[in-house]
Structure formats: structure tokens, C-alpha cells
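Worksheet: the structure to be examined is printed underneath.
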Amino acid sequence: MTAIFITATGTDVGKTFVAASLIRHLRRMGRLVDAIKPIVSGFDPAQAAASDPGVLLHALGLPATAQEIDRISPWRFRAALSPDLAAKREGRSIEVDTVVTFCQSAIKQCRDILLIEGVGGVMVPLDEQRTVLDLMMALQLPLIVVAGSYLGTISHTLTALDAVYRRDLKVLAIIVSETPNSAVPLDDTVAAIARFVEPVIGLPRIGGPQEPRPGARSSATVAAFDRIFGQ
């Protein structure tokens, strides 16, 4: 049984896109994979299938029913704000210790491999004092850090990694999810970040917002994904 936490350098850089890609890769490998995204901001019940939990469920081959969404994402907020502010807008709050317990329970129930997708970036606040980094420190899981390929991502990525490394958390890989319409080529971004850390994997976003077109992933990307999971 293995669990991996997927975090990011910021919001909307492609965490769910990467998580869904990894789920599909694991399923092709014949692994028994499950995924959770405990906290979701910007959730519209009327667009559940297109939400982050909906995308993960689709990758898992499961329907985006209210029951399944509640199972993998129990903390859902309508406002597209940081979780602490989104919760406050609804007169609610996030008990971080309860989120930790939820994740630990999911890990125990997992038969093979569990992917836990975080919310926002490494330092996004969850309550008045704690951030996603505190959640990751409590869980002590190996990390996949997702970055975009936009101008400025190199600094954002190295800054996020510095925060993670200072807490002695293990990073399995940095995955650069191609930013749509970016003037910076994906390969150039990957090469620049790889001068400082490794391994760095580039994931093209060809053929739609949620999944690369068939054959879009290079053999090198597939091999890199295999290495993440010990194949």
C-alpha cells in the first residue's frame, strides 16, 4: 500500500490534470488506484462532472455522483478563494486535524495506491494559522510537486521546493503541466528547472483541458511516470 500527496506551486497550474493523468497511467499498469481531494474551492454542484472531484472520478472510471464526490471531497466550498476564506464566506471553518484523520483513514483503506490531491499551492491557508504545508507535514507522505510552464514559474517552483525541503519532506518528482497559451515552451521550462532539481517531467496539455490526446505523452514521460511508481 502506497500513498502520494500531490501539491503545487500555486492555484490553477494543473494539479488535477496531473493527478488524472497519473491515475490513468496507474490503471494502464494494472494498479488498484484510488484518489481523494479532501478540500475543494470553487465547487459548483450544478457542474459536478466538470469539477476537480468529477475529473478525478472520471479518471478512476467512476460516476460523478453526489455520493462519490462526497466520498473523495467532503470539504467543498462554492467560492473560488483560498479554503479559509471560502469556508468563512459560508460561515464554516476547516478543522485541519479532522482533514488529517480523513486522509489517514483513506490511506488505511487503500488496497494498493492512493493519490491525495491538495488544494491550491504549498502555502495556501486552511485556517487561521495552518497551511497545506502543515497538512503535508502531518501526513509525512512523499510528494509530487506540480508546476506550470508560464513565465515566472521557475522562481515559483524553486520557492515552493525550498519550503518543502526545509521541512525534510520527500519529493518524488516535479511535474511541469503545460500552461495553455504560454509564450514559454514546455521543454524550455523543464530544462530550466532541471538545472536545480530532479527529476523534472514535462506533461503536454494537448487535445483538451483534462487529458492529453492519445499518444501525446512521449516515451520519456511514460518511462518517468513508471519510475515514480517503482517500475
Discussion item. Between region 1-22 and region 73-114, what is the separation of their alpha carbon centroids in Å?
Written reply: 15
Worksheet item: Rounded to the nearest 20 Debye, what is the dipole magnitude of region 1-91 about its Cα centre when Lys and Arg each give +1 and Asp and Glu each give -1 at the C-beta?
Response: 240
Discussion item. With n ≥ 4 as the cut-off for DSSP H runs, can you work out [θ] at 222 nm for the chain, using -39500 (n - 2.57) per run divided by the number of residues, rounded to the nearest 500?
Written reply: -11500 deg cm²/dmol
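Calculate how many DSSP beta bridges within the chain are antiparallel, expressed in % of all such bridges and rounded to the nearest 5.
5
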Response to the item:
For region 65-73, Karplus-derived ³J(HN,Hα) couplings (6.51, -1.76, 1.60; θ = phi - 60°; whole Hz; x for glycine and proline) come out as 7, 4, 5, 5, 5, 5, 5, 9, 9
Worksheet item: Can you pull the percent of region 59-169's accessible area that's carbon plus sulfur, 1.4 Å probe, other chains left in place?
Response: 51
Discussion item. Under 8 Å for C-alpha pairs, at least 6 residues apart: give me the relative contact order for the chain, rounded to a whole percent.
Written reply: 25
Worksheet entry | Amide H contacts under 5 Å for LEU126, placed H, 5+ residues apart | THR131, VAL132
Worksheet item: Of ALA87, ALA194, ALA160, which is the most mobile in a GNM of the chain whose springs link Cα atoms less than 10 angstrom apart?
Response: ALA194
Worksheet entry | Residues whose placed amide H lies under 5 Å from that of GLU178, excluding near-sequence neighbours | LEU203, ARG205
Fill in: In Hz, Karplus ³J(HN,Hα) per residue of region 89-100 (6.51, -1.76, 1.60; θ = phi - 60°; x = Gly, Pro)
4, 9, x, 10, 8, 9, 8, 4, 4, 5, 5, 4
Response to the item:
In a Gaussian network model of the chain with springs linking alpha carbons closer than 10 Å, the residue among PRO53, PRO185, PRO204 that fluctuates most is PRO185
Discussion item. What number comes out for accessible area per residue over region 77-226 if the probe is 1.4 Å? Units Å², please.
Written reply: 51
Fill in: Dipole of the chain, positive direction: furthest Cα of VAL132, PRO204, VAL164, with charges on the beta-carbon
PRO204
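The values are calculated or read from the model by the stated rules, or taken from the named source; none is laboratory data. Please read all numbers here as calculations on a predicted model, not as lab measurements. Neighbour counts are summed over all protein chains in view; Cβ atoms, including those assigned to glycine, are modelled from backbone coordinates with ideal geometry. With ligands, DNA and RNA removed, areas are computed over all heavy atoms of the protein, side chains included. Shrake-Rupley method; radii C 1.70, N 1.55, O 1.52, S 1.80 Å.
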